Amino acid sequence: MEKELINKIDTRTKPIGSLGKLEKIAYQIGMIQKSLTPQLNNPTILVFAADHGIAEEGVSPFPKDITYQMVMNFTRGGAGINVFTKQNGIKLKVIDCGVDYDFPEGADIVNAKLARGTTNMIKEPAMSIDMCREAIEKGREFTRCEFESGCNTIGFGEMGIGNTSAASLLLHKYGKFPLEECVGRGAGHNDDGLNHKLEILKKVAKKYNPKDPLEILATFGGLEIAMMCGAILEARRLNMVILADGFIATSAFMAAHQVDPKIQENTIFCHTSGEKGHALMLKYFKADPLLNMDLRLGEGTGAAIAYPIIKSALLFLNEMAGFDEL
């Protein structure tokens, strides 16, 4: 299969290698699907939303109320992820994992609320091991649901004030990078805000010494990150094409990678985020992302924006003539 796929890529009417990363994507998806004519069916992005107790410490320049306000914005079609999924024909599903707000009945939000946010890590671990496991299993269920409805290509986004703090700590613990290199400006801190955020996260990092990957995720993660971790693991189990977004989403990929290193075989890293620590995450995965556009919005927007490029990779493979047809 591998030789046939490489031969098909190389014998399209072009110089070998002249389509650059498109050829690598075509090869990767062809190998995932074990097909010379791979397809992207019913692409979907799941956006997981949750609040973070650490937001009480002023680690974000915005109040946590922004979480629920942005989730409501998703339901009205007004957010960046709405615009780009609509543009590119991608299904969008918004999931409340733990937002500290009661959404109105009839809102286009899936209720999977496990708590009203994580607890404040300065005082105690973000969540219990049992709650973390429950979030992971819920994430698996959401991916299975999409797969059973005909989806074979899935991406993940998030919303949660304070979640760059959780992602920074996960990068620090899983990747063994110095915390100072992991912590960035998040939603737009000035220098004073960044320094305050770093000092708070140093205290959190020193407070705990979790031993295994699940305990690390429960101690420092978020409900949306844990649920996304489960969704990623299930997507790999089901052999789907997986689209990785930016800093927060990739922290969930790091957690999933601790459980199943083979997730990387199915994952396309869509972009390099403008958030400081994301380059370290990509280094951890030895990844070659598609785009570098200084995006740092989250929500899955990087995956949605990259999707047409991924689609182009299969279009050239499936529709471009071969030299034997001339």
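Just so you know, in segment 25-45 the residues that are β-branched (Val, Ile, Thr) and farther than 18 Å from residue 88 by Cβ include one that is nearest to the chain's Cα centre (by Cα), and it is 32. Return the pairs, sorted by first residue and then second, in which the second residue is assigned to a helix (DSSP H, G or I) and among the hydroxyl-bearing types (Ser, Thr, Tyr), the first residue lies in segment 58-78 and is touching a residue at least 12 places away in the same chain (Cβ under 8 Å) and under 15 Å from residue 189 (Cβ atoms), the beta carbons are less than 6 Å apart, and the residues are 6+ apart or on different chains. Taking only residues 6 or more apart or on different chains, the pairs are 59/165. For segment 101-114, the candidate set comprises residues that are touching a helix residue (DSSP H, G or I) at 6+ places or on another chain (Cβ under 7 Å) and buried (at least 19 other Cβ atoms within 10 Å of the Cβ); within that set, the residue that is farthest from residue 143 (Cα to Cα) is 114. Which of the following residues is closer than 30 Å to residue 308 by Cβ, crowded, with 20+ Cβ neighbours inside 10 Å and not hydrophobic (A, V, I, L, M, F, W, C): 160, 150? 160 is the lone residue from the list that is closer than 30 Å to residue 308 by Cβ, crowded, with 20+ Cβ neighbours inside 10 Å and not hydrophobic (A, V, I, L, M, F, W, C). In summary, helices (runs of 4 or more DSSP H) completely within segment 1-98 and bearing 2 or more residues that are in contact with a Leu (Cβ under 9 Å, 6 or more places away or on another chain) and farther than 16 Å from residue 312 by Cα occur at 2-10, 80-87.
Tell me, yes or no, whether segment 159-168 has at least one residue that is part of a strand (DSSP E or B) and on the phi < 0 side of the Ramachandran plot. Scanning segment 159-168 turns up at least one residue that is part of a strand (DSSP E or B) and on the phi < 0 side of the Ramachandran plot. Residue count for segment 1-20 under the criterion of being surrounded by fewer than 16 Cβ atoms within 10 Å (Cβ to Cβ) and closer than 17 Å to residue 310 by Cα: the result is 3. Residue 124: among the charged types (D, E, K, R) and either free of Cβ contacts under 8 Å to residues at least 60 places away in the same chain or out of contact with any helix residue (DSSP H, G or I) (no Cβ under 8 Å at 6 or more places or on another chain) (or both), yes or no? For residue 124, the condition - among the charged types (D, E, K, R) and either free of Cβ contacts under 8 Å to residues at least 60 places away in the same chain or out of contact with any helix residue (DSSP H, G or I) (no Cβ under 8 Å at 6 or more places or on another chain) (or both) - is met. Does residue 130 count as over 18 Å from the mean Cα position of the chain (by Cα), free of Cβ contacts under 8 Å to residues at least 12 places away in the same chain, more than 20 Å from residue 240 (Cβ to Cβ) and in a helix (DSSP H, G or I)? Considered against the rule, which asks whether it is over 18 Å from the mean Cα position of the chain (by Cα), free of Cβ contacts under 8 Å to residues at least 12 places away in the same chain, more than 20 Å from residue 240 (Cβ to Cβ) and in a helix (DSSP H, G or I), residue 130 comes out as yes. When the criteria are applied in full, residue 41 meets the requirement of being touching a strand residue (DSSP E or B) at 6+ places or on another chain (Cβ under 7 Å) and surrounded by fewer than 19 Cβ atoms within 10 Å (Cβ to Cβ). Take residue 126 and tell me if it is assigned by TED's automatic domain parsing to the domain that holds residue 256 and farther than 27 Å from residue 309 by Cβ. In short, yes.
Say whether the condition of being more than 16 Å from the chain's Cα centre (by Cα), small (Gly, Ala, Ser) and modelled with pLDDT under 95 is met by at least one residue in segment 165-185. The answer is yes, given that some residue of segment 165-185 is more than 16 Å from the chain's Cα centre (by Cα), small (Gly, Ala, Ser) and modelled with pLDDT under 95.
You will find that of 62, 84, the residue that is in the same structural domain as residue 267 (by TED's automatic domain parsing), buried (at least 20 other Cβ atoms within 10 Å of the Cβ) and not small (Gly, Ala, Ser) is 84 and no other.
Could you tell me which residue of segment 217-264 is surrounded by the most Cβ atoms within 10 Å (Cβ to Cβ), considering only residues that are of a type in the set (D, E, K, R), in contact with a helix residue (DSSP H, G or I) (Cβ under 7 Å, 6 or more places away or on another chain) and within 16 Å of residue 153 (Cα to Cα)? Step by step, filter segment 217-264, then rank; the result is 245. Just one of the listed residues (311, 286) is of a type outside the set (Gly, Ala, Ser), surrounded by fewer than 22 Cβ atoms within 10 Å (Cβ to Cβ), out of contact with any Asp or Glu (no Cβ under 6 Å at 6 or more places or on another chain) and in contact (Cβ under 8 Å) with a residue 60 or more places away in the chain, and it is 311. Determine, yes or no, whether residue 274 is modelled with pLDDT under 95, more than 26 Å from residue 4 (Cβ to Cβ) and touching a Leu at 6+ places or on another chain (Cβ under 7 Å). For residue 274, the condition - modelled with pLDDT under 95, more than 26 Å from residue 4 (Cβ to Cβ) and touching a Leu at 6+ places or on another chain (Cβ under 7 Å) - is met.
The values are calculated or read from the model by the stated rules, or taken from the named source; none is laboratory data. Just so it is clear, the model here is predicted, and its values are computed rather than measured. Positions of Cβ are generated from backbone atoms using ideal geometry, with glycine treated the same way; all protein chains shown enter the neighbour counts.
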